[in-house]
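A quick write-up on the structure given underneath.
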Amino acid sequence: MSGEWMTREQIDEVIAGLSAADLIAGTGEGRKDAAVAGTAFDSAAHRLGLSNGSPATEHVRAADFGYLAEKIGEAINVDSPKSDLPSDSPDSVEPGA
């Protein structure tokens, strides 16, 4: 992959192939936010054979960074969307409050 740019299709392929192990590797060493996503992406690309040993993120054009970030965010969102409906649980632990 030396000197080549990843296509959005390749980016999608890597993101679709993200594993829990990739995400765990990404959270190591106190990494935060973009570093977690980048490390997880690099790990998945390497495991899937879409990297030649250099970090796959080095082959994502800056113009595609927003796309990559959005797609990873969608893929690793472990919280279900919050409902707009009011909660059935009371605001207070005191009965009748």
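So for E13, E4, fewest C-beta neighbours within 10 Å to most, what's the order?
Least crowded to most crowded, the residues run E4, E13.
Can you sort I24, I15, I72 from fewest to most other Cβ atoms within 10 Å of each residue's own Cβ? Display every interim value, and only then the final one.
Values: I24 11, I15 20, I72 23.
The most exposed by this proxy come first: I24, I15, I72.
Determine the gain in length on full extension of the stretch R31-R47; use 0.36 nm per residue of separation and subtract their C-alpha separation, reporting nm with one decimal. Walk me through the intermediate numbers first.
Details: separation 16, 0.36 × 16 = 5.76 nm, distance 2.04 nm.
3.7 nm is the gain from fully extending R31 to R47.
Sorted from fewest to most neighbouring beta carbons within 10 Å, what does the list V36, V60 look like?
In increasing order of surrounding Cβ atoms, one gets V36, V60.
Just to verify a number: FRET efficiency for I76 and R8, C-beta to C-beta distance, R0 = 22 Å, to 0.05?
With R0 = 22 Å, the Cβ-Cβ based efficiency is 0.75.
Classify the stretch 8-76 from the C-alpha gyration tensor, please: rounded if a/c falls under 1.5, else prolate or oblate depending on whether a/b exceeds b/c.
The shape class here is rounded.
Computed from the coordinates by the stated procedures, all read-outs in this text should not be read as laboratory data. For clarity, every value in this text was computed on a predicted model and none was experimentally measured. Every residue, glycine among them, receives a Cβ derived from its backbone with ideal geometry; neighbour counts consider all protein chains shown.
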